[in-house]
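Below is one structure, written out as structure tokens; comments come after it.
The values are calculated or read from the model by the stated rules, or taken from the named source; none is laboratory data. The structure presented is a predicted model; accordingly, all values stated were derived computationally and were not measured. Methodologically, a virtual Cβ is constructed for each residue, glycine included, from the backbone with ideal geometry; neighbour enumeration extends over all protein chains shown. Side chains are part of the model used for accessible areas, which takes the heavy atoms of the whole protein and leaves out ligands, DNA and RNA. Shrake-Rupley method; radii C 1.70, N 1.55, O 1.52, S 1.80 Å.
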Amino acid sequence: MSASGVLSFTQQGWEQVLAKVKRAVVYLDATCVECLHWGCGSTRLLEAVGSPECHLREFEPDAVGGGAKQPKAVFVLSRLLKGRTVEILRDIICRSHFQYCVVVTAVSHAVHLTANHVPAAAAAEMEGQQPVFEQLEEKLCEWMGNINYTAEVFYAPLLLAPVAPHLALTPAFASLFPLLPQDVHLLNSARPDKRKLGSLGDVDATALTPELLLQIRCLVSGLSSLCEHLGVREECFAVGSLSRVIAADLANYAPAKNRRKTAAGRASVIFVDRTLDLTGAVGHHGDNLVEKIISALPQLPGHTNDVMVNMIELTSLQTEEENYNVVAPGCLAQSNDTTAKALWEALLNTKHKEAVMEVRRHLVEAASRENLPIKMSMGRVTPGQLMSYIQLFKNNLKALMNHCGLLQLGLATAQMLKHPQTAKWDNFLAFERLLLQSIGESAMSVVLNQLLPMIKPVTQRTNEDYSPEELLILLIYIYSVTEELTADKDLGEAEEKVKKALAQVFCEESELSPLLQKITDCDSSINLTFHKSKIATDELFTSLRDIAGARSLMKQFKSVYVPGNHTHQASYKPLLKQVVEEIFHPERPDSADIEHVSSGLTDLLKTGFSMFMKVSRPHPSDHPLLILFVVGGVTVSEAKMVKDLVASLKPGTQVIVLSTRLLKPLNIPELLFATDRLHPDLGF
């Protein structure tokens with residue numbers, strides 16, 4: 001029941017896939033690739049395929065089919081086998097020569113029944129049967145052109161990308177993000193004949209769109225499989241409105257009832273809405289090397305949680321930009337390299353300065369083991385120093401092969417240290433500290449007026465100035481760290497000045513970034529008028545006001561801001577820290593904001609009786625395992641904080657931090673201004 005169960009759960013799911021892929025053409029979608037990447041690595045898959053003639057391919061409409069000498073295919077998919085996904089399957093198979101097809105889905109058969117509108121009572125009667133999968137098997141044979149060919153369809157729980165023993169992510173749900181007050185209006189407009197929702201507090205499963213409900217059910221099914229693997233019966237708790245819906249769905253998930261009866265262990269699963277504290281997600285207080293690497297280096301294509309490490313320094317190519325795409329990039333995930341994995345976990349768990357020294361130490365030790373001519377140097381670690389160690393491996397193929405994972409982490413560190421974004425990190429941190437003092441001493445209008453001179457058009461900006469995207473990050477920080485705003489004349493005027501300045505900056509950009517295209521609903525700066533840009537900034541400030549009011553329904557966790565006094569400066573207190581401290585409070589109070597979600601009549605009766613009898617209500621600190629799921633993303637620093645805090649408050653309690661994705665500051669405006677929050681694309 002330890003945190004290592006996350007890794008064994010992931011690997012067990014992939015073992016089911018690896019058992020089927022021998023001498024096959026293997027098609028994977030991007031989400032499954034990412035889970036494989038962190039879970040056991042593509043090397044394991046290639047070894048299991050075992051044939052140089054067979055290939056790994058991306059599952060997409062234009063994927064190359066199997067040739068005459070490729071009779072076997074395995075499709076590994078994260079999505080429901082329905083609609084567009086099935087059409088792509090059909091098209092690939094019809095242009096191939098397959099005689100044996102295996103389809104592995106990361107979505108359970110129970111969820112497929114839900115997606116096909118099978119009533120719960122009828123689904124319960126089908127226990128042990130898999131009609132949806134059986135029908136697809138028949139179709140696969142039909143598309144292969146012979147009903148006597150072999151087809152298999154089965155479920156494997158390929159839910160998690162395990163980043164560390166204490167931290168795992170769910171790439172299939174990277175876009176899942178809690179609702180904002182403006183979403184209540186959209187939900188109301190979609191249900192004209194039903195009772196109007198007054199606030200996010202009124203949102204339950206019946207109010208959500210069918211697509212979002214189905215996305216939640218897919219997540220719940222995977223989490224239920226994780227609990228089954230860990231051998232636990234879970235008590236579900238929630239902090240926030242969308243978390244409450246997810247917790248209720250898991251607590252009442254019908255296929256989990258039998259496994260809960262026989263589970264030997266117990267666990268508390270607590271879901272927390274990211275929107276209750278965006279300060280921690282956009283802030284720069286995390287003194288963590290990995291966080292800075294993720295923010296500075298470009299994203300690995302097709303991934304949400306890893307970055308591209310430029311490997312050209314280890315080749316004889318000139319280090320010019322046109323050569324960057326010639327050499328395959330490195331990355332952070334090193335699932336099959338024991339030494340690199342140990343360094344990676346050290347980087348996740350130490351502060352920036354110690355982490356950089358740890359990278360240097362590993363490089364020096366590796367060079368010494370390979371008898372490379374290393375020159376020792378002490379003192380401050382510089383990117384040049386790290387590069388001088390790394391380049392010792394350059395012309396030594398054996399040494400390169402032996403330490404490939406370590407060299408990728410070393411290069412990632414060196415590239416981050418000399419990246420312009422890293423210098424800006426400290427500027428952000430200084431300004432955020434200044435904001436914390438200003439918020440305590442001044443009205444919000446004064447704080448916004450301080451920001452105004454920093455809003456500069458592209459023609460006036462230097463490298464030290466803030467880009468439009470970075471200004472959005474600062475605005476989100478300001479509005480998230482404050483408590484609910486009271487509208488007044490000064491605030492209205494200050495907001496209007498900032499809106500106009502931002503609208504003008506958007507218009508004058510030479511090229512609109514993908515984020516600005518999304519915000520302005522315009523694909524080119526040439527077509528962006530001031531009027532259109534001003535409408536976009538008006539909508540932007542509606543979202544910012546929503547962020548400021550995100551904790552308005554909380555009774556206990558109303559603030560993440562700690563005012564200063566004559567001995568301490570004003571500071572930010574993370575919501576996750578407040579939640580964990582409340583869970584392990586020595587007096588075990590009933591929290592007003594950590595809501596227990598019942599799993600049926602027995603729990604409801606227990607809760608009711610507790611009002612007038614001595615019946616103990618479930619408490620999140622009751623069990624030896626705590627699973628904390630942050631809906632909407634988590635930072636490396638937050639995951640470490642939770643792990644360390646639980647260890648100090650209640651030693652012996654195991655904690656696993658799960659989340660939809662690993663966050664860097666720029667992710668938050670991307671998620672906030674996504675247009676598909678209520679209508680996620682489920683692939684059909």
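Here is a yes/no grid of residues against (1) part of a helix (DSSP H, G or I); (2) in contact (Cβ under 8 Å) with a residue 12 or more places away in the chain:
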| residue | (1), (2) |
| --- | --- |
| L628 | no, yes |
| S637 | yes, yes |
| D644 | yes, no |
| S648 | yes, no |
| I656 | no, yes |
| P669 | yes, yes |
| H679 | no, yes |
| G683 | no, yes |
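Of the candidates A247, A281, the single residue that is assigned to a helix (DSSP H, G or I), in contact (Cβ under 8 Å) with a residue 24 or more places away in the chain and touching a Cys at 6+ places or on another chain (Cβ under 6 Å) is A247. Look at the stretch 489-503: where a residue is over 15 Å from Q450 (Cβ atoms) and a partner is acidic (D, E), sitting 6+ places away or on another chain with Cβ atoms under 8 Å, you get K499/D538. All conditions but one from (1) surrounded by 17 or more Cβ atoms within 10 Å (Cβ to Cβ); (2) touching a helix residue (DSSP H, G or I) at 6+ places or on another chain (Cβ under 6 Å) apply to E469; the one that does not is (1).
Could you tell me whether the stretch 55-67 includes any residue that is closer than 26 Å to S224 by Cα and surrounded by 17 or more Cβ atoms within 10 Å (Cβ to Cβ)? Checked against the condition, which is being closer than 26 Å to S224 by Cα and surrounded by 17 or more Cβ atoms within 10 Å (Cβ to Cβ), the stretch 55-67 yields no hits at all.
Just checking, which of Q517, Q578 is free of Cβ contacts under 8 Å to residues at least 24 places away in the same chain, within 30 Å of the chain's Cα centre (by Cα), assigned to a helix (DSSP H, G or I) and more than 24 Å from D676 (Cβ to Cβ)?
Working: Q517 fails: more than 24 Å from D676 (Cβ to Cβ).
Result of the check over Q517, Q578: Q578.
Residues being under 23 Å from D644 (Cβ atoms), touching a Ser or Thr at 6+ places or on another chain (Cβ under 6 Å) and charged (D, E, K, R) are entirely absent from the stretch 499-507. In the stretch 526-554, the residues that are touching a residue at least 40 places away in the same chain (Cβ under 8 Å) form Cβ pairs under 7 Å with partners that are open to solvent by less than 20 Å² (accessible area, probe 1.4 Å) and small (G, A, S), at six or more places apart or across chains, as follows: I547/S480.
Checking each residue in the stretch 638-684 for being surrounded by 19 or more Cβ atoms within 10 Å (Cβ to Cβ) and hydroxyl-bearing (S, T, Y) picks out S659, T660.
So for the stretch 413-431 (the condition being out of contact with any strand residue (DSSP E or B) (no Cβ under 7 Å at 6 or more places or on another chain), in the same structural domain as T520 (by the TED database), open to solvent by 40 Å² or more (accessible area, probe 1.4 Å) and free of Cβ contacts under 8 Å to residues at least 12 places away in the same chain), does at least one residue qualify? No, the conditions are met nowhere in the stretch 413-431. If you check E152, E138, E142, E87 for being open to solvent by 70 Å² or more (accessible area, probe 1.4 Å), modelled with pLDDT of 95 or more, closer than 22 Å to T31 by Cβ and not aliphatic (A, V, I, L, M), only one passes: E87. Restricted to the stretch 501-518, and to residues there that are touching an Asp or Glu at 6+ places or on another chain (Cβ under 8 Å) and aliphatic (A, V, I, L, M), the residue that is surrounded by the fewest Cβ atoms within 10 Å (Cβ to Cβ) is L515.
Considered as a group, the residues in the stretch 289-314 that are in a loop (DSSP other than H, G, I, E, B) and touching a residue at least 40 places away in the same chain (Cβ under 8 Å) include one that is most open to solvent (accessible area, probe 1.4 Å), and that residue is G302.
Residues in the stretch 219-236: is at least one outside any helix (DSSP H, G or I), under 27 Å from L666 (Cα atoms), open to solvent by less than 30 Å² (accessible area, probe 1.4 Å) and not polar (S, T, N, Q)? No.
Quick check on the stretch 159-173: of everything there that is part of a loop (DSSP other than H, G, I, E, B) and open to solvent by 10 Å² or more (accessible area, probe 1.4 Å), which residue is nearest to G222 (Cα to Cα)?
Taking the stretch 159-173 as the starting set, the residues that turn out to be part of a loop (DSSP other than H, G, I, E, B) are 159-160, 165-166, 170.
Remaining after also requiring open to solvent by 10 Å² or more (accessible area, probe 1.4 Å): 159, 165-166.
Working: L159: 6, P165: 18, H166: 18 Å.
Among those that are part of a loop (DSSP other than H, G, I, E, B) and open to solvent by 10 Å² or more (accessible area, probe 1.4 Å), it is L159.
Within the set S480, S438, the sole residue that is in contact (Cβ under 8 Å) with a residue 24 or more places away in the chain, farther than 30 Å from L372 by Cβ and hydroxyl-bearing (S, T, Y) turns out to be S480.
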